[in-house]
Every structure is written in C-alpha cells, then in structure tokens.
Amino acid sequence: MTPELQEAGAAALARWREKQAVDGSSGGRSASFGRLVQGHEPDFAHGVALYLDDITVSFDGFKALNALSLAVNVGELRCIIGPNGAGKTTMMDVITGKTRPDLGTASFGANIDLLRLRENDIAQIGIGRKFQKPTVYEQLSVFENLELALAADRRVRASLFSRLTGTQLDRIGEVMTLIHLAPEAQRTAGLLSHGQKQWLEIGMLLMQDPKLLLLDEPVAGMTDEETERTAELFLSLEGQHSLVVVEHDMKFVDQLTEGWKKVTVLHEGRVLAEGTLAEVQANEQVVEVYLGR
C-alpha cells in the first residue's frame, strides 16, 4: 500500500474502533512521507516501462544484487523466478525506493530516475507493489477497503468526510467484479479466505490505477481454483498495466506465460537466463541451481 493509503486507513480504522469502544493501534508497515515534484509523468514513448542497469546492492559485504540489468516493456507481463536468496525481493525494494543501491541506475519510462525519489513519490507516479502477505484492513468491509484506495485526495479529512461520485462508485463496482469479490462487497475483510484477501489487496492497488504492478508470490497459499482465477485476472490486466510477477509455482508461471512470453531467472543477484519457460527449464545452469533434475 502507499503511505497515503496507510494514513487514511489508519484514520478510518481508528474511527471504527471508537465506535466499537476498543483500544489499540492500527498497525501496518512504517513509511516515510514527502511531496512529489510536479511534472513527474513517465514517458513511455520508447515502449519501455522499467529499466534497471548494473544495479548492485551489498549488505555487510554480501551482494544481494550484483550488476543486475533488466528491462520490462509497457504492457508486458514478466515472470521472475529463481532460488531463495537470488535477489528477487531486493530488486523490488530498489524499484519501490525501500532500498538504495550502491551502484547502477533505475528508470521508470524514459525520463524518471527512481533512485532520486522516495517511496511515497514512487507510489504516486504509478508503481504499485503487493507483498507476499496480504495487508488489508480486516475490520472494514471489502467495499470500504476499495473506497480507501481510490486514487484521489486521500488526506485523512478527505477520506473520512468525502462523498463518492457516481464515477467512483462505478469504478469500485468494476474492480470488485474484476477481482471476483462483488458478492462479498459488504463482508468484513477479516472473514475472507486467504485467496480472497490476496485479490482484495490487488484490487486496492488497481483502484490507484498503477502503470506498473509488482507482485511478490501472489498465489502462495491459494487453492488450485483460486490460483487459476488469479492467472485469469493477471492476463486480463496485461496490456493495460505492466506486471512483474515473482513466483515459485511453475504451473502458475506456465499459465501466465502461455508458452511464448519471456521469463527471467535470477541467481546470486543477477540474470542467469531469459527466454520462454520451456527454454529456461532446458537451461543446464537453471536446472542445476534452481529446478533440479
């Protein structure tokens, strides 16, 4: 979630708790806040949404990323696979401003240097991230979670006292249908299944109309049916958004790549192989370090 969404959600949750006469804190991940410099609109004229070049990140001498270079095209759905410790999460941390690299460049479109922006700014220019564990406001309804995520004035007062327009209501309804939660609109989010909570968080990101979605193991813990529906959801988003999906479930990756899309394999902080899923699965190095025989 973006920092503004966390702030608005915390305020809404506090109001709910006042009504329930329950003490406690809102929780959530901590984040820094800042104001985005005006004019930061990504230029996608060259067809590239994300470009990482020679990104190196070291932690106490260990290179989590080692001269990593990667490009993702506008509207592309790219799957990233690799063993634990390959640098997949650190890569996402760099893209979203959580981690600053020692060396290298990271660009969003042709004109935005991500390394000069804070996490808050990066979220505002259209990069949304979903973590492995769903982070929704469990005491609020599905509808209320999506309402909080609207890409509008999310300052606390505006979030608590504004009225939704017809267009906004239509957008919430559209997203609820897309994420298979329209029948659950008034259900408390804490009562949803694990998979439904994952869909709800994805829906919250979509409410902010991101240009690039970073999705970290989105089907972990899902049933087979939920996994299949999630694949259908991501394929429906392809073209409208650029998606980077980090995943270990090869069946899910196969569904997303449809036999022809590019898969990137990371190992020891750099790209080990790229190609179709069949091509990387046949790569001897990939078999040795990740897939096994």
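Read-outs: derived from the displayed coordinates by stated rules, not from any lab. As the structure is a computational prediction, the values presented were derived from the model and not from experiment. Neighbour counts run over all protein chains shown; Cβ positions are idealised from the backbone, glycine included.
Given the Cα-Cα distance of Asp53 and Glu274 and 0.36 nm per residue of separation, how much length would full extension add, in nm? Numbers along the way, then the final one.
Numbers: separation 221, 0.36 × 221 = 79.56 nm, distance 1.58 nm.
Gain on stretching Asp53 to Glu274: 78.0 nm.
List the chymotrypsin sites (Phe, Trp or Tyr not before Pro) within region 221-293 that fall in a DSSP loop (any state other than H, G, I, E or B) and whose Cβ has at most 15 other Cβ atoms within 10 Å. If you can, show how the numbers build up before the last one.
On the way: sites: Phe234, Phe252, Trp260, Tyr290; in loops: Trp260.
When the chymotrypsin sites (Phe, Trp or Tyr not before Pro) of region 221-293 are filtered for loop state and at most 15 Cβ neighbours within 10 Å, Trp260 remain.
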| field | 29 Å Cα-Cα reach of Lys130 towards lysines, excluding residues that sit fewer than 8 places from it in its own chain | value | Lys63, Lys88, Lys98, Lys197, Lys211, Lys251, Lys261, Lys262
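What Kirkwood Rh does region 66-149 have if only Cα atoms enter the pairwise 1/r average? Answer in Å. Walk me through the numbers on the way to the answer.
On the way: mean 1/r = 0.0665 Å⁻¹.
Answer for region 66-149: a Kirkwood hydrodynamic radius of 15.0 Å.
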| message | Starting from the Kirkwood Rh over alpha-carbon pairs, what translational D in µm² s⁻¹ does region 56-196 have by Stokes-Einstein at 4 °C and 1.567 mPa s? | response | 72
| request: Tell me which residues come under 5 Å, amide H to amide H, from Arg129 once H is placed; ignore anything under 5 positions away on its chain. | output: Leu214
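Rounded to two decimals, what ratio of Rg to Rh does region 155-293 give with C-alpha atoms and a Kirkwood Rh? List each step's numbers first, then the result.
Values: Rg = 18.1 Å, Rh = 17.1 Å.
Ratio of gyration radius to Kirkwood radius for region 155-293: 1.06.
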| message | Can you compute the modelled spin-label distance between Ser193 and Ala67, with each label point 7 Å from Cα toward Cβ, in nm? | response | 4.7
